[in-house]
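Taking it in order: structure first as structure tokens, then the write-up.
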Amino acid sequence: MSMALPEALVDALCRLPTLQVGDITLRDATEADEQDIAAYRYDKSLYTHYGTKPPRRKPFAPHKLGQKAQDLTWYIQYRGRIVGECFVWRIVDGRMGAVGYIIAKDAQGKGVAGRAVSAMILHCLTELPFTRLYAQVSTANPASARVLEKAGFAREGLVRQGKMMSVYCDHWIYGILREDVVK
Ligand SMILES: CC(C)(COP(=O)(O)OP(=O)(O)OC[C@H]1O[C@@H](n2cnc3c(N)ncnc32)[C@H](O)[C@@H]1OP(=O)(O)O)[C@@H](O)C(=O)NCCC(=O)NCCS
């Protein structure tokens, strides 16, 4: 039986809060962002260690304000365009969720993912009812592991040849708790 989601989470799923960290804005997307989003979303080279193939191309359907989304997806605006996204999905009982992120090739290596994921995590663990967030990261993806470490995640264990989304690979489980952030 699934539990009713806490009100604060339902509000965020219906109306994503905008977050600001330095020169990076995390926000919902509009139709005007479609080209920027397509530029990374369908870039095959970004999926080598992601755990899935790129999605099929389809017209971008922005989230309708007020309608409850399944996941919390923040689009990352940096230097005037959307360069990627970070998200919390696989939400369980409104208290646990998985974290993912992707950054356009030409915006990588500038600390964008590290800052964006840190801001998202802080918001989710302090303003929303999440008590645990986790991520699965291929052992062949050290840049992604580093992003999580910069955001305060602990490496909790190694899964050998386990299923990570839709591929089998050695991967780490990273986790962070509210009590790691709120002392
Ligand atoms: C993983 C990803 C999001 C990182 O984005 P980014 O904006 O470049 O990340 P940042 O610049 O904040 O940080 C990357 C860190 O990894 C480090 N890094 C990069 N390549 C590395 C490597 N081969 N080995 C070890 N560390 C590496 C960088 O030095 C940096 O750490 P630092 O800030 O301590 O110097 C980006 O590469 C990406 O979108 N990859 C494809 C999608 C993906 O794999 N998503 C994660 C799925 S779990």
Loop-resident trypsin sites (Lys or Arg not before Pro) in the stretch 6-52 with no more than 15 other Cβ atoms inside 10 Å, DSSP not H/G/I/E/B, are Arg15
When the Cα centres of the stretch 50-93 and the stretch 118-183 are compared, how far apart do they sit, in Å? 18 Å
Give me the aspartates and glutamates in straight-line cross-link reach of Lys44: C-alpha distance below 17 Å, same-chain residues under 8 apart excluded. Asp36, Glu85, Asp106
When the chain is treated as a GNM, springs tying every alpha-carbon pair under 10 Å, which of Val83, Val147, Val92 comes out with the largest mean-square fluctuation? Val92
Counting Lys and Arg as +1 and Asp and Glu as -1, each charge on the Cβ, what is the dipole of the stretch 47-112 about the Cα centre in debye, to the nearest 20? 260 debye
Above-threshold pairs, the threshold being 23 Å between Cα atoms, out of Lys64/Lys150; Lys68/Lys105; Lys58/Lys105; Lys163/Lys183; Lys150/Lys183: Lys64/Lys150; Lys68/Lys105; Lys163/Lys183
The stretch 7-131: radius of gyration and largest Cα-Cα distance (Dmax), Å: 14.0, 39
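Every number in this text was worked out from the coordinates using simple rules, so none of it is lab data. Predicted model, so just to flag it, every value in this text is computed and none were measured. Glycine also receives a Cβ, built like all others from the backbone with ideal geometry; neighbour counts cover every protein chain displayed.
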